[in-house]
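Here's the structure, in structure tokens; my notes come after.
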Amino acid sequence: MNKFRFIIYAPLFLILTEESYAANILGIFPAASYSHQQPMLAVTHALAKKGHNLTVITPNPSKVPVKNHRDVDISFLYEKYAEAQKDKDFTMQEKLSTFKFFSNLPAIFHFLSTNILNSSPVKQLIKEIKENNIKYDLIIYEVVPHSALLGGFSEITGNPPVVGVLTMNENSNTDIIFGNPLFPSYVPCVLQHSTDKMSFFERFNSLLYMIYYEYILKVYNADFQERLMKEHFGNFQRTADEKNYNISLLIVSSDLAFSYPKPNNPNVVQVGPLHIKKQLEPLPQDIKKWMDEAENGVIYFSLGSNMKGTSFPEEKRSAFIKAFSKFPKVRVLWKWEADTKLPGQPDNVFVKKWLPQQSILAHPNIVLFISQAGLQSLQEAVHYVVPVLAVPIYGDQEYNARKLLDTGAGLELDFYNITYESVYDKLEKFLTSTSYKENMKRVSAISKDRPMPPVDTAIWWVEYVLRHNGAPHLRPASLSLKWYQLYMVDLFLFIAAVILLLLLIIRFIFKKIFSIFSILKHKEHKQKTN
Ligand SMILES: *[C@@H]1O[C@H](CO)[C@@H](O)[C@H](O)[C@H]1NC(C)=O
Ligand SMILES: *[C@@H]1O[C@H](CO)[C@@H](O)[C@H](O)[C@H]1NC(C)=O
């Protein structure tokens, strides 16, 4: 009886003790991107709901106040960033080579870190922390190299443990700062249009991208961030870069439905898509009616928040319009950021400036999603089992699209080859074959099969780091080795030197023996002739 009572009360006791511990947590989410923000905010909102005390620097503050979740509003970044993107080096509106994309990144990091640190909400927060000597128990930080923010806030808040969040797949830089083994031979660069099975040329590129990105970060970002930290926070013994290499744990908002098997140390955990909504917002009446009444299905067309439908090149736009008009029974929902109608808009196309993407993808009549293949959009398509026609444009979209192609759950359309014929051809394939949907079902099942929902897993790990004071036992010793020690270059060189030395000694001995022999022979010969 007593035992039984314990079993009943034990979980209750656990819940109570867990709730009684509320941590003071600072979130630093500098990316001016709606899709990057959603997975991270899903974690901090859930932490606040559990009773932790959150202060979060984000460009996406909640519209209604959330209990225990104080937003430090840096939403001004969006407009500033859009303005800056008119500059060629910031553009997100056209396809760039991977090298060009990498070399543009420092300017973007500088722009964001500088503007964030110069903004009054953040200045105010720094002042408040310093004046009241506020300590935090933990920092949650988006692991994009804004180390001035990470270093500065760590130092003034008492150097609490840091949990990193990543809203794309692990990249070579995160592999390096978390001490993961580097294998560009079968781990493609996350900006590369390759699977994990690469040709010689692809492997060569994968290696070059890795080296080039590290070079760019070391030469053009590290010192800049260091100076910025000193300017805004003061002089510290430890550098911003050291902080970067001292993050306790990395939570990755992805899984093997969107990436390939690769080595991750215990301080890197893929938890799955964090931003999938538990409760969908209802569709607006007009859209709901349009979708409900579509007897032959609905195609959803949206090129994400960076690539505006309105700035989409004219001839590519008309290629889509013409192709859609050839399937008059299939309805199309087009996210179009303008108040006017599309020029030449056919009857089966419905345009709207803003659309609740997850609610649309969850509608039973949806048959296809035409997307840039940003990771978050792709994750939604996989969650709601919708085949995808990917039109990758920049960043990790090519990698995502290649993975999609690999799974058979979608097709890819080359941005430079958007013509009426190519679009028509792809649409026909989707509308006449069930294989994409079948494959999407398989991928979706893989993504959903996990011991705990993604947000719960993330929270478990955050609290794990809190419970174990930064969990230093997770930290691999690879982080304290030099690269030539880690990859055993010094050992191989040593072994090679020993072998060489042995060979030289053997050669020396043989030479000696040989010369003694020849002297003897010579003497013998001399004696004979004498
Ligand atoms: C929560 O954090 C804020 C700082 O943002 C602080 O003013 C407040 O006292 C904290 N509350 C608790 C209960 O620790
Ligand atoms: C690394 O992080 C731990 C907390 O997890 C902290 O105690 C330590 O001071 C940090 N070291 C550096 C060099 O920042």
Taking the dipole about the Cα centre of segment 285-448, with the C-beta of Lys and Arg at +1 and of Asp and Glu at -1, give me whichever of Gln379, Pro364, Ser325 is farthest to the positive side. Pro364
With Cα coordinates, the longest principal axis of the chain makes an angle with the long axis of helix 34-49, in degrees rounded to 10, of 80
For segment 285-448, convex hull volume per residue from C-alpha positions, Å³: 105
Taking segment 382-511 on its own, what percent of its Cα-Cα pair distances exceed 27 Å? 59
Would you please give the residues with an amide H less than 5 Å from that of Tyr300, counting only those at least 5 places away or on a separate chain, with H modeled from the backbone geometry? Leu333, Val367, Leu368, Phe369, Ile370
Within the set of other residues whose C-beta is less than 9 Å from the C-beta of Ala23, count the net charge using Lys and Arg as +1 and Asp and Glu as -1. -2
For Thr434 and Lys526, extending 7 Å from Cα along the Cα-Cβ vector and measuring point to point gives, in nm, a value of 10.0
Among bridges DSSP assigns within segment 22-135, what percent are antiparallel (round to 5)? 10
Could you work out the mean projected area of the convex hull around the alpha carbons of the chain, in square nanometres to one decimal? 40.1
Note: Asp196 to Glu226 extended length (0.36 nm per residue) minus current alpha-carbon separation gives 7.2 nm
Separation in nanometres of the label points that stand 7 Å from Cα toward Cβ, at Lys135 and Asn235: 2.6
Ignoring everything except DSSP H segments at least 4 long, calculate the 222 nm mean residue ellipticity for the chain; use -39,500 (n - 2.57) per segment, divide by total residues, nearest 500. -15500 deg cm²/dmol
So the carbon and sulfur contribution to the accessible area of the chain, 1.4 Å probe, in percent, is 60
Say the cut-off is 22 Å between C-alpha atoms; which of Lys50/Lys135; Lys353/Lys441; Lys316/Lys426; Lys277/Lys335; Lys50/Lys278 go over it? Lys353/Lys441
Principal-axis tilt of helix 147-156 within the chain, Cα atoms, nearest 10 degrees: 90
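May I ask you to order 512-523, 383-394 by the average number of other C-beta atoms within 10 Å around their residues, highest value first?
So the peptides 512-523, 383-394, ranked by packing, come out 383-394, 512-523.
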Relative contact order of the chain: what whole-number percent is it, with Cα pairs under 8 angstrom and at least 6 residues apart? 14
When Lys and Arg each count +1 and Asp and Glu each count -1, what net charge do the other residues less than 13 Å away from Ser433, Cβ to Cβ, add up to? 0
What aspartates and glutamates does Lys100 reach when the alpha-carbon gap must be under 16 Å and sequence neighbours fewer than 8 apart in one chain are set aside? Asp87, Asp89, Glu214, Asp396, Glu398
In degrees, nearest 10, range 0 to 90: what is the angle between the Cα axis of helix 435-448 and the longest Cα principal axis of the chain? 70
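The values are calculated or read from the model by the stated rules, or taken from the named source; none is laboratory data. None of these values were measured; they are calculated from a predicted model. Note: ideal-geometry Cβ built from the backbone for every residue, glycine included; neighbour counts use all protein chains shown. The area values use the complete protein model at the heavy-atom level, side chains included, leaving out ligands, DNA and RNA. Shrake-Rupley method; radii C 1.70, N 1.55, O 1.52, S 1.80 Å.
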